[in-house]
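First up is the structure itself, then whatever we jot down about it.
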Amino acid sequence: MLPATFKELFLSMENKGMRIAIVSDAFHPQVNGVATTVAETQRQLERRGHTVRVFSPRDFGITVPLLTYSEIRIAPFPYRKLKKLLDEFAPDAIHIAVEGPLGFAARNYCVKHRLRFTTAYHTRFPEYVNVRTRIPLSWIYPYPRWFHNGSARTMVASETLKNELEAWGFKNLSLWGRGVDTTVFTPEDPLPLPGERPIFMYMGRLAAEKNIDAFLKLDLPGTKYVVGDGPERKRLERTYPKTVFTGYKFGRELARHLAAADVFVFPSLTDTLGLVMLEANACGTPIAALASQASHVVVRDGENGVVSDDLREACMRALELSRTRAREVALERGWDQPTDQFIENLVTARA
């Protein structure tokens, strides 16, 4: 018999809310796409009447900074406490969001207790490690493949990513899209940012794998803004003194920054989706992106942005695009459908 899906169990219990455990090494107060996705998924599920508990490093008394990412803290040796927390919560479904120490502990817990679980492939960790260390991808991919192939389903953001992972030997892959909160991210009330127009803006973590130099080294008119922080900030500030670095911004203040930009620049080649592109579009700002798996998923070339192997060309062409159209495309990417997909992908922990 095939494992019961969460949706089937949900219907069998006459629409009563379910208990869903999400285990994630990335969660607030961290600032990244995984933390945002997990928080919004929790909010959407709770709105539908489910009881959702996110188990994250903040549940553990002792955390340590991740190597080269001091702002990201992880929980070392979390198994004993996580076991106690999961035992007490007694979830109907268990989802593991990240392949970190907590994710590893949750996987062990499920295997030892013969529980089914799902995972998500949010981040290209092999590519991140390769960028920093030059260790061949073929040496790195066996770990995430082993990790995720133990799950009943591994959720991925796009068909192209699904195809890539299948080529690496991943199994049981299913689609789980992403959305954007178009009530927070709006074109309204843009900040009067100082600097010559046009304003080209990057927003996100400042890390080597984000390929930010590809943007900042461009000869562009106007002013370049970088909104965010991370281990690369000091080097980038030294290398590009004419660029405006704002640090992290949140909520409406972040939206007002994005709305004030003329073009949002996305140089990353390693992201699995890039929520920041959806957020920029929701603020009416068109995208200029290098060709990548993520940019091809989000950008409709010539409508809400421009994708090109020549990033300067993409930036200049994006200036000509309709801000109204960028917002319209974002309005098609709410959280209802991704939440439906998440629910359909979950499996019951116990047979």
Selection from region 306-351 of residues of a type in the set (S, T, N, Q), assigned to a loop (DSSP other than H, G, I, E, B) and either at positive phi or surrounded by fewer than 18 Cβ atoms within 10 Å (Cβ to Cβ) (or both) yields Ser322
List the helices (runs of 4 or more DSSP H) that sit entirely inside region 231-305 and contain at least 2 residues that are open to solvent by 30 Å² or more (accessible area, probe 1.4 Å) and not basic (Lys, Arg).
233-239, 251-260, 293-298
I'd like to check something: does region 153-163 contain any residue that is open to solvent by less than 70 Å² (accessible area, probe 1.4 Å), of a type in the set (D, E, K, R) and touching a Ser or Thr at 6+ places or on another chain (Cβ under 6 Å)?
yes
Residues in region 306-313: is at least one within 29 Å of Lys217 (Cβ to Cβ), of a type outside the set (Gly, Ala, Ser), modelled with pLDDT of 95 or more and in contact with a His (Cβ under 8 Å, 6 or more places away or on another chain)?
yes
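So, of the residues in region 117-138 that are basic (Lys, Arg) and open to solvent by 60 Å² or more (accessible area, probe 1.4 Å), which turns out to be farthest from Trp168 (Cα to Cα)?
Step one: filter region 117-138 for residues basic (Lys, Arg), giving 124, 132, 134.
Subsequent filtering for residues that are open to solvent by 60 Å² or more (accessible area, probe 1.4 Å) retains 132, 134.
Working: Arg132: 21, Arg134: 18 Å.
Top of the filtered list is Arg132.
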Quick check: is even one residue across region 185-198 buried (at least 20 other Cβ atoms within 10 Å of the Cβ) and under 17 Å from the mean Cα position of the chain (by Cα)?
yes
Just name the residue that is farthest from Ala26 (Cα to Cα) out of those in region 77-116 that are open to solvent by 10 Å² or more (accessible area, probe 1.4 Å) and within 23 Å of the chain's Cα centre (by Cα).
Arg107
Residue by residue through region 269-285, note down the ones that are closer than 18 Å to Pro126 by Cβ and at pLDDT 95 or above.
none
Hits in region 213-230 - residues which are surrounded by 20 or more Cβ atoms within 10 Å (Cβ to Cβ) and of a type in the set (Val, Ile, Thr):
Val226, Val227
Name the pairs whose Cβ atoms lie under 8 Å apart, with the first residue in region 193-212 and more than 17 Å from Phe125 (Cα to Cα) and free of Cβ contacts under 8 Å to residues at least 60 places away in the same chain, the second assigned to a loop (DSSP other than H, G, I, E, B) and open to solvent by 20 Å² or more (accessible area, probe 1.4 Å), and 6 or more positions between them or separate chains?
Gly195/Gly222; Glu196/Pro221; Glu196/Gly222; Ile212/Glu232
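Yes/no per residue for (1) on the phi > 0 side of the Ramachandran plot; (2) within 21 Å of the chain's Cα centre (by Cα):
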| position | (1), (2) |
| --- | --- |
| Ala261 | no, no |
| Phe264 | no, yes |
| Ser268 | no, yes |
| Leu273 | no, yes |
| Met277 | no, yes |
| Gly284 | yes, yes |
| Ile287 | no, yes |
| Leu290 | no, yes |
| His296 | no, yes |
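The values are calculated or read from the model by the stated rules, or taken from the named source; none is laboratory data. These numbers were taken from a predicted model, which means no experiment stands behind them. Don't worry about glycine lacking a Cβ; one is built from the backbone with ideal geometry, like all the others, and counts go over all protein chains shown. Surface areas here come from the heavy atoms of the whole protein model, side chains and all, with no ligands, DNA or RNA. Shrake-Rupley method; radii C 1.70, N 1.55, O 1.52, S 1.80 Å.
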